[in-house]
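For reference, the structure is listed below as structure tokens.
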Amino acid sequence: MEQQLLIYNTLSRQKELFRPINEGHVGMYVCGPTVYGDAHLGHARPAITFDIVFRYLQHLGYKVRYVRNITDVGHLEHDADEGEDKIAKKARLEQLEPMEVAQYYTNRYHTAMERLGVLPPSIEPHASGHIMEQIALVQQILDAGYAYVSNGSVYFDVRKYQEQTHKYGQLSGRVIEEMLATTRELDGQEEKRFPGDFALWKKASPEHIMRWPSPWSDGFPGWHAECTAMGAKYLGSPFDIHGGGMDLVFPHHESEIAQCVASTGHAPCRYWMHNNMITINGQKMGKSLGNFITLDEFFAGSHKDKDGKEMLAQAYSPMTIRFFILQAHYRSTVDFGNEALQASEKGFAKLLEAYKTLGRVAASAGAEANPEVAALRQKCYDAMNDDFNTPIVISHLFEAARIINSAADGKLKLRQADIDELRQVFDTFLFEVMGMRDEASEGGNGQLVDSLMHIILDIRATAKANKDWATSDKIRDALAAAGVTVKDGKDGATWQL
């Protein structure tokens, strides 16, 4: 069935009907990590958000080229035009080559994303591998008259661009007068004609490790140049969707628009999508604030804050983290809390248990078509088509779980067609589109665990049949102590972690 997809466009500040530039094909560029440290929960949110977009567009039948970059050069401290390169600083502190640092954390990022069920992008370009493209972009902007050379560095002329195009600030809502009043003074500002001008190319200081030759100096590209250059190289210009975290709207994405308009005459993309932040006690989680919890710490269940207080009540599995993020709409903030994560863990376990229970539900002869079941699939599509509203999809899956449990308890009769439809809803939306998986059944041990549990429950059933209540209760209590809940029903006992 054809689906009409609405996407909230940050640029227009409203939902728009999605129409790709080339029918049947989608080009999507998402800003990836700067690889100078381990991935944290804040990194998981954009990765999972745009993984959902990637999965759903493919599910709808689009051929998607998904580009997510790796920033391994040019991202200076505090997102500014001065200071030390974040990766070079890490390399200096650890006495390593900068690319050694970048490769190490890139590998760890990939491992964390794989555990979270995030599909790899179609192309994953590195900024350091596209220096020539960035030099060519800077030259295009210079030739168009929207940049100037100052002491070997090249800066984008924001005021001239605004005078000619009236487009600077259109994404973020900022205006030049406000920027002039709020831009802090930085070392090297004397090189700029206007404090709001941003670096396209920076002349490297003598101690700067990462440098390349250019027509202007031995140096390195500005942070914003990489995405403009690599997006155009792999997706053409313009392309369909540009995504990233809301913290990138300014200055990064605003500067990308300016670079693209200055060099080509048009914007880089049709739709701008931004996920909101994950917070701790209302404050953004991030490396620069020192309040982040790495994904590995979540998986291990151990993280102490600056005062030595343990922040995590327990270990949280990758699928618990993923479900926690998907329970909120991508444009809303999510505040970290152990209670919320524990609720996500229980909620996902309930959905998995309902899916397993569905395999034990027998079709009832003469049952009528269930209208609630018939409506579920389109309800899920309607939610996804309304700007990828995963929390509403999840609410419909809980509705499906209620129907399944009622049928298992004998309170509701289902046709085989209804059972098949419920299975299809779970397979499509929980597993395919939302990328959830049953971690307990992974690693080749799931079938073994199921078999052992059936043996244990058969022994308990025999004990109950023989009125050996002491043995029956002992088995139940021992399983409970091991984290396994046993539920007795009219068709026998079931279990869940």
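The values are calculated or read from the model by the stated rules, or taken from the named source; none is laboratory data. Given the structure is predicted, the values throughout are model-derived calculations rather than measurements. Backbone-built Cβ (ideal geometry, glycine too); neighbour counts: all protein chains shown. All accessible areas refer to the heavy atoms of the entire protein, side chains included, with ligands and DNA or RNA removed. Shrake-Rupley method; radii C 1.70, N 1.55, O 1.52, S 1.80 Å.
Filtered by the rule that a residue be under 20 Å from residue 436 (Cα atoms) and not hydroxyl-bearing (Ser, Thr, Tyr), segment 102-128 gives 110, 112, 113, 114, 115, 116, 117, 118, 119, 120, 121. Within segment 10-23, being surrounded by fewer than 13 Cβ atoms within 10 Å (Cβ to Cβ) and under 20 Å from residue 121 (Cβ atoms) holds for one residue alone: 22. Residue count for segment 415-438, restricted to those that are under 16 Å from residue 356 (Cβ atoms) and outside any helix (DSSP H, G or I): 3. On the stretch given as segment 324-346, residues that are assigned to a helix (DSSP H, G or I), in contact (Cβ under 8 Å) with a residue 24 or more places away in the chain and farther than 17 Å from residue 114 by Cβ total 6.
Residues are listed down the side, and each one gets a yes or a no for (1) more than 11 Å from the chain's Cα centre (by Cα); (2) open to solvent by 10 Å² or more (accessible area, probe 1.4 Å):
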| residue | (1), (2) |
| --- | --- |
| 25 | yes, yes |
| 29 | yes, no |
| 35 | yes, no |
| 43 | no, yes |
| 47 | no, no |
| 52 | no, no |
| 56 | yes, no |
| 59 | yes, yes |
| 63 | yes, yes |
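Going through (1) open to solvent by less than 20 Å² (accessible area, probe 1.4 Å); (2) assigned to a helix (DSSP H, G or I); (3) in contact (Cβ under 8 Å) with a residue 24 or more places away in the chain; (4) under 24 Å from residue 5 (Cβ atoms) one by one, residue 383 falls short only on (3). Here 48, 7 are screened, and the one residue that is touching a residue at least 60 places away in the same chain (Cβ under 8 Å) and outside the structural domain of residue 154 (by TED's automatic domain parsing) is 7. When residue 176 is tested against (1) out of contact with any Asp or Glu (no Cβ under 8 Å at 6 or more places or on another chain); (2) open to solvent by less than 60 Å² (accessible area, probe 1.4 Å); (3) at pLDDT 90 or above, just one condition goes unmet, and that condition is (3). For the condition surrounded by fewer than 16 Cβ atoms within 10 Å (Cβ to Cβ), assigned to a helix (DSSP H, G or I) and touching a Phe, Trp or Tyr at 6+ places or on another chain (Cβ under 8 Å), residue 315 does not qualify.
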